[in-house]
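Peer 1: Got a structure for you, questions after.
Every number in this text was worked out from the coordinates using simple rules, so none of it is lab data. In this text the structure is predicted, and so the values were computed from the model without any measurement.
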Ligand SMILES: [Ca+2]
Ligand SMILES: [Ca+2]
């Protein structure tokens, strides 16, 4: 009985390994976000001229996930592993926000083409540079 259970465990873990390396899927990781110093209209992000509280939302067409916010910064090295995957030729939607108490300000939104494995830098809206990695 015990031997049977062990054998089952081994099979299940092998299947797990096989599926995670499957189908050429690329993991989507947001490495960093940098924002312009003001909103598009020239206003400060927050009251008192404070820097934004940056977070990112990523949608691969099947699921949407959000990172946690980094408080009061124009540059967030978030290194956020979305857990989402995409394939070459897919488009993903990336939205960067400044987290606020009432309603979050949109820093920028872009549709990004997954054209190759590796790092890609995108600039959109008030997002100076966002580094996304597909691997
Ligand atoms: Ca704000
Ligand atoms: Ca804020």
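Peer 1: Give me the three principal axis extents of the range 58-117 from the C-alpha atoms, as integers in angstrom, largest value leading.
Peer 2: 36, 21, 17
Peer 1: Given the range 24-134 reduced to its alpha-carbon atoms as identical point scatterers, what log10 I(q)/I(0) does the Debye formula return at q = 0.19 Å⁻¹?
Peer 2: -0.89
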